[in-house]
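**Q** One structure coming up, written as structure tokens, with questions to follow.
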Amino acid sequence: MGFEECYQLGNVTKTHGLRGEVVLFLDVDNPQEYQELESVFIDLNGKLVPFFMESFHLQGDRAIVAFEEIESIEDASELIGRDLYLPLNRLPKLPKGKYYYHELPGLQVFDGDQLLGQVTQVYQMPNNNLLAVDHQSIEILIPLEEAIVHTVDIAAGKILCTLPDGLLDVYLDQKP
């Protein structure tokens, strides 16, 4: 299993007790959806290694976990700071009209009837997420806000938006 087939669930924050338990931070909207979790992949030196759980106790967005074959604080210490992953097919189903950011690259972006280009990636910023769109071989950034991005239709491969006046000109004026 490769990173491109997975999503990051969270990470290991610290050890818990002396018998090899660890505390996981679950960086997800609804941690309760992961209460029945039996295994995760952990990034060990750029490789995803499966770890199976003996116990999992959810406490808000944290979980105290005992992994099979991790039986000492020394073994558990090796996992601190490591990222946790799950296969994409384990993502919770979203309500109609909602989407995951990994689904957006490749979609066509329209401003009204005008095709702007294709989404190349999503930049997740602290205050504002941005769609990177290839417009005539120029990367334009579109704020991923409801006031600008009106419809995301994954099945049709389209994003409908209304760009603020002058946004496209900012990028086109820089064209060599």
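Each reported figure results from applying straightforward, stated rules to the coordinates on display, with no laboratory input. Predicted model only: the values in this text are computed from it and were never measured. All Cβ positions, glycine included, derive from the backbone under ideal geometry; neighbour counts span all protein chains shown.
**Q** Between PHE3 and ALA155, what FRET efficiency comes out of the Förster formula 1/(1 + (r/R0)^6) with R0 = 22 Å and r the beta carbon distance, rounded to 0.05?
**A** E between ALA155 and PHE3, to the nearest 0.05, is 0.30.
**Q** Hey, any idea what the orientation-averaged projected area of the convex hull of the range 1-88's Cα atoms comes to, in nm²?
**A** Its average projected convex-hull area is 5.2 nm².
**Q** Okay, next question. Counting Lys +1, Arg +1, Asp -1, Glu -1, what net charge surrounds ALA155 among other residues with beta carbon under 11 Å of its beta carbon?
**A** After counting each charged neighbour, the total is 0.
**Q** Something else: Which value in nm describes the separation of the simple spin-label points at MET125 and SER39, placed 7 Å from the Cα toward the beta carbon?
**A** In this crude spin-label approximation the distance works out to 4.0 nm.
**Q** Can you give the FRET efficiency for SER137 and GLU74, using 1/(1 + (r/R0)^6), R0 = 45 Å, r = Cβ-Cβ distance, to the nearest 0.05?
**A** That gives a FRET efficiency of 0.25.
**Q** Fewest to most neighbouring Cβ within 10 Å: what's the order for ASP169, ASP27?
**A** ASP169, ASP27
**Q** Right, here's the next one. Take the chain, connect every pair of alpha-carbon atoms lying under 10 Å apart with a spring to form a Gaussian network, then pick out the residue of LEU131, LEU94, LEU58 with the largest mean-square fluctuation.
**A** Highest fluctuation of the listed residues: LEU94.
**Q** Still on this structure, please answer the following. By counting other Cβ atoms within 10 Å of each Cβ, how are LYS96, LYS158 ranked from fewest to most?
**A** The order, fewest Cβ neighbours first, is LYS96, LYS158.
**Q** Run the quick spin-label model on LYS96 and GLU146: label points 7 Å from Cα toward the beta carbon, then report their separation in nm to one decimal.
**A** It is 1.8 nm.
**Q** Let me ask another. Aspartates and glutamates within cross-link reach of LYS158: Cα-Cα under 17 Å, excluding same-chain residues under 8 positions apart?
**A** The qualifying aspartates and glutamates are GLU103, ASP111, ASP113, ASP134, GLU145, GLU146.
**Q** Ignoring GluC sites (Glu not before Pro) that are buried or in helix or strand per DSSP, and keeping those with at most 16 other beta carbon atoms within 10 Å, what is the longest stretch of the chain between them?
**A** Maximal segment without exposed cleavage sites: 79-144.
**Q** In bins 10 Å wide, starting from 0, what share of all Cα pairs of the range 101-172 does each bin hold, as a percent?
**A** 21, 61, 17, 0
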